[in-house]
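Notes follow once the structure below has been shown.
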Amino acid sequence: MIKLFIICSIQFFLLINNLSAQTGYELAKKLDNKDKPQNMTSRISMTLTNAKNKSRKNVMISKTASQSQKQMIWVLEPKSDRGMSFLKIEREDRKTEMRIWLPAFNKIRRINANRRSNSFMGSDLSYEDMMSRSLDDNTYLRLEDDQIGGEECYVLEVIPKKSINTSYSKHITWVSKENFQIVQEASYDKKSKLKKIKNFHYAFVNNYEIISKIHVKDLQKKHKTDIYFDQVKVDAKMDEKIFQEKSLKRLPLH
Amino acid sequence: MKSKNKEFSIKFWITRKVIENPLKSILFPLAFTSIFGLGMTFIVVDDDMLAMLPNNMSSKLSWDAVQDEFGSTESIFIAFGYKDKTIFNKSSFSDLWKLTNELESRPEIKKITSLSNLPKIENVDGFLEVHSLQPSEELDDIQINGIKKYVYNNQSIRARSISKDGNYFNIMVQPNDSIAHNVVRDIVVEIGDSLLSKNYEIHYGGTAYITGSVPGMIKNDISKLLGVGLVLMSLILLVNIRDLFAVGMIFSVIIQSLIVMAGLMGWVVYLTGSENFYFTIINSSMPIILLTIANSDGVHVVTKFFKEMRHNGNIKKSIAKSIDTLFVPIFLTSVTTIAAFLTLYFAPINQLMGYGICLSAGILYAFILSLTFLPAAMSLKRWDLNSKAISQNGYLENIISKFGKLVISKPKSILVVGMIIMFIGTAGLSLLKVDVNIANFFKEDTDFRKSIDFIDQEMTGTMDVRIRVEAPIKDPNTLNEMQEMQTLLNSNPKVTTSYSIVDVVKQMHRILIDDNPEFEIVPKDEKKVSNLLMMYSISGDQDDLNTIVDYNYKVGLITALSRVMSTEEIIQFVKKIEDQVYDFKHISNASITGMAIVIRDLIYLVIESSVISIFSSVILICLITSIFFKNFSWGFLSIVPLVTAVLINFGFMGIAGIHLSHVTALLSSVIIGVGVDFSIHYIYQYRRLIKDKVRNGISNKVINEVGYPIVLDAASNMSFGALLFSTFIPVQYVGGLMVFAMFSTAFGTLTLLAASVELLKTSYSK
């Protein structure tokens, strides 16, 4: 019994030691390797609030495929823009192609979405924030563990490599020890001033922990964005052929 | 009878206290002054011209709404470049980039607009692109030519960003709402000079620059010249009074009154937080006014004391006699002047309330000190009866004696001449013009004026008109009416540019339809407008629109920048804009503001305040003196010199082309304050001699008695003619007009009033 206790204690110590010994890169790799759905459909409600507490709301339907490299968005609200839609495709060469359907003009136009710092639809999320980060684009440093809202977290400092086109100098990322999901991220601008804080909330959908809410605060502009995801469907039957121009003109029923 | 006893008892009590306890009569006021003086540390200096406007005035309400929704509309402009060389070159763009970034990094600055950070909307290979006009600090020739082409194809951007000849960049700095303009001005000049002064010609301008610079400059200028004025005043007093101690004591009364007035201002701000007691550009006239009034009280006491010493040689008796003779007239002059200044409580300019109350407190304190501190101090000195000050008449005293005889011998002629001068003055009133634009405060050959003139003439101009439109902004009907308004604004030759959300919609429309210029129009369908704006929010930076439309597209702002306009031009221009606003059919709610409107409203306020102040003061003074002398005709006569002086002064300003501004308007206060003093002293002395049964040569005796202190007072106040050497045109006018005002009030009292009383003496002597 005593032997068993000693063996268990040693194993437990080794396990703890092994976990705490994980480097920043290892933690980032573990995050990157997490299972993600191949495709997803959701209804997005996005509320933007400016420094004077004035708000406006957009409601959209979003469909993503190829782990978010392809995305279509149809605007439901505001009514004056109902039917407007966007098609975004991230190519292998990291170039992003974006098309917009303007129902009032009956025209499709291409938009340059390669200016990564541009805001998406006036929100506090830039195109860069919305794109998946490649593991090797950054260096990772593990900082002292911390708590966010009572939740034990690993803390990572993510510094983009010089060759990367970014509007940030670094990010501090809090990763929950419990479910290994990012719960908070602080992003710093090129002058190393804190620019944004993002908070993430999750919900289980088909065994995936999917983001259910994002709260972004731009501390410099004193502007905030709340994004809610509902009616979420993952890995449902989805024909990737829909990610083309002609689909922009048709508002999906669900 | 009761009041008479009361008057006597207070007078005798004061006389007794001053003679029996001179030290107490000196130390107690000194302690009181020190306590009040502590309040000076709480004085808040405010350079905001808008603070003068009443909170319920429509242009102020609209101004506040615009500032709240779109941020500060008062800007600082920096223009830099070369006189004979184009600004479109690599190093200039690099410096523009550095300057823009440096200014953007300052928390005191809300927004910078320059070619470096303006968005460029264009159609590239079928792509709609919204990006920075200057993509990086270092540019090549192709990029520079591309920027040049874009700027020259966009009239609005060109007008806002470069000079007419293309030799200077223009950078617009929008201060953060909560930061004082003088603070932002200092930061902008420091950064601008450090980055640019070696290689470029730099000019600064804009309303925030002017309002941030001018109050401090005026205060420094006035402080310096006031010092010179005080030295001159002391010299004039010394030459005539011929005793340093006596002159020193008069100054002590003046300085203590000033301390109490300024201290009260600080204490009220400290205890109540009232913005009406902030020290603004208007308040810079307060020291001059109080100086002249306090000086008057002191001069009367000292000259009377010396006169009595000359007759009886006894200090206590002389002091008792001086207080006995002067208590009532000084009390009455103080009460009437205080009443006159308290009428400012009802003036439409907010700061005039604090102005009137604090100045009244200073006048009250000068009265108390003149009859307690001053005689007590005089009683402590061992006077040499053989000194010139006591044994001999002063130079002015001898002149006045001769002058008195002349007036009394030809009262009718004097009256007729006086009336003619008054009528000429009244005729000149119709020529009087108002100008409150502080850009015009500087002489044309000064560096400051040259710099703001450069911005005004070569760049966007210094003035602005803002039209706040409350309507569904995406509605094409709203946009079309906004466009019509811009057409009207642009039709004024002084307007350099106008911009609003209409320009963005039109430009997006054109670019969307294959960059076809025919489509640079407002789309007819609201959904089209909405689609365009949504597209902008996807491809551009929403912040670009923050200064032209509110967050929910319910309020829009039309801005027109213009060169400086004359008062008449402003009034006519605003009238046209108001008519157009009235004709709006779809825009339900629109209001006009901007510096041009503020200036127009200030013009009306200055006129209204001056008229209210003059009329109410004159009526009050007439009423108080009528009640006190129990005779309306005495009350009427007491206002004759000051009414004459006001008419002559403002008439003279009209004839000489001197504009009435919020600075020169202070002349009416000085004239009323000093003019009433002179006439009351004259009338009181006249009535006193009647009571003493003096019948022969009574007017001559009165002129002998009060003429000297009146003329000495006026002459010493004329030392503020030193203000003629000011850098600021209105302050120069104040200097010149002070001399004129002193002359006209003293002259009015000793000629018009003296001649009128002389002509009416039979009825008064009964």
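The values are calculated or read from the model by the stated rules, or taken from the named source; none is laboratory data. Here the structure is a predicted model, which is why all the values come from computation and not from measurement. All Cβ positions, glycine included, derive from the backbone under ideal geometry; neighbour counts span all protein chains shown.
Quick notes on this one:
- Every condition in (1) part of a helix (DSSP H, G or I); (2) within 15 Å of B:E458 (Cα to Cα) is met by B:K149 except one, and the failing one is (2).
- Within segment A:146-254, strands (runs of 3 or more DSSP E) holding 2 or more residues that are more than 14 Å from chain B (Cβ to nearest Cβ), surrounded by 12 or more Cβ atoms within 10 Å (Cβ to Cβ) and under 16 Å from the mean Cα position of the chain (by Cα): A:168-176, A:182-189, A:194-205, A:208-218, A:223-234
- Any hit, segment A:113-133, residues being of a type in the set (D, E, K, R), over 15 Å from the mean Cα position of the chain (by Cα) and away from every other protein chain (no Cβ under 14 Å): no
- Near pairs, Cβ below 7 angstrom, 6+ apart or cross-chain, from segment B:262-276 (surrounded by fewer than 20 Cβ atoms within 10 Å (Cβ to Cβ)) to any residue that is of a type in the set (V, I, T) and assigned to a helix (DSSP H, G or I): B:S274/B:V268
- Helices (runs of 4 or more DSSP H) wholly inside segment B:619-704 that include at least 2 residues being buried (at least 24 other Cβ atoms within 10 Å of the Cβ): B:632-656, B:666-691
- Given (1) farther than 18 Å from B:R466 by Cα; (2) at pLDDT 85 or above; (3) among the hydroxyl-bearing types (S, T, Y), index of the condition B:T593 fails: (1)
- No other residue among B:V529, B:V564 is touching a residue at least 60 places away in the same chain (Cβ under 8 Å) and either buried (at least 19 other Cβ atoms within 10 Å of the Cβ) or at the interface with chain A (Cβ under 8 Å from one of its Cβ atoms) (or both) apart from B:V564.
- Residues satisfying the criterion are absent from segment B:87-98 (criterion: assigned by TED's automatic domain parsing to the domain that holds B:E190, touching a residue at least 40 places away in the same chain (Cβ under 8 Å) and under 35 Å from the mean Cα position of the chain (by Cα)).
- Output for segment B:554-570, where each listed residue is under 21 Å from B:M482 (Cα atoms) and either at pLDDT below 90 or in a loop (DSSP other than H, G, I, E, B) (or both): B:K554, B:L561, B:S562, B:I570
- Pair list, Cβ under 8 Å, 6 or more apart: segment B:21-47 residue at negative phi, other residue surrounded by fewer than 17 Cβ atoms within 10 Å (Cβ to Cβ) and modelled with pLDDT of 90 or more: B:G39/B:Y270; B:F42/B:Y270
- Any hit, segment A:165-186, residues being within 30 Å of B:I513 (Cβ to Cβ) and at pLDDT below 85: no
For every residue, the table says whether it meets (1) within 12 Å of chain B (Cβ to nearest Cβ); (2) in a strand (DSSP E or B); (3) not hydrophobic (A, V, I, L, M, F, W, C).
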position: A:K29; (1), (2), (3): no, no, yes
position: A:K36; (1), (2), (3): no, no, yes
position: A:M46; (1), (2), (3): yes, yes, no
position: A:I61; (1), (2), (3): no, yes, no
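- Identity of the residue in segment B:135-183, within 14 Å of another protein chain (Cβ to nearest Cβ) and either in contact (Cβ under 8 Å) with a residue 24 or more places away in the chain or buried (at least 17 other Cβ atoms within 10 Å of the Cβ) (or both), that ends up nearest to B:T280 (Cα to Cα): B:D177
- Conditions (1) modelled with pLDDT under 90; (2) closer than 22 Å to A:N118 by Cβ: number failed by A:A236: (2)
- Condition met for B:I548 (surrounded by fewer than 23 Cβ atoms within 10 Å (Cβ to Cβ), touching a Leu at 6+ places or on another chain (Cβ under 7 Å) and either closer than 30 Å to A:S55 by Cα or among the acidic types (D, E) (or both)): yes
- Failed item, numbered, when B:I538 is tested on (1) within 7 Å of chain A (Cβ to nearest Cβ); (2) crowded, with 19+ Cβ neighbours inside 10 Å; (3) touching a Pro at 6+ places or on another chain (Cβ under 9 Å): (3)
- So B:Y733, is it touching a residue at least 60 places away in the same chain (Cβ under 8 Å), surrounded by 24 or more Cβ atoms within 10 Å (Cβ to Cβ) and not hydrophobic (A, V, I, L, M, F, W, C): no
- Residue satisfying all of: in segment B:477-499; surrounded by fewer than 21 Cβ atoms within 10 Å (Cβ to Cβ) and under 18 Å from B:S530 (Cβ atoms); nearest to the chain's Cα centre (by Cα) among these: B:Q483
- Applying a threshold of 7 Å to beta carbon distances and a minimum spacing of six or more residues, or different chains, the list of pairs starting in segment A:83-95 at a residue that is within 13 Å of A:S132 (Cα to Cα) and away from chain B (no Cβ under 12 Å) and ending at one that is at pLDDT 85 or above and crowded, with 18+ Cβ neighbours inside 10 Å reads A:I89/A:K70; A:I89/A:F243.
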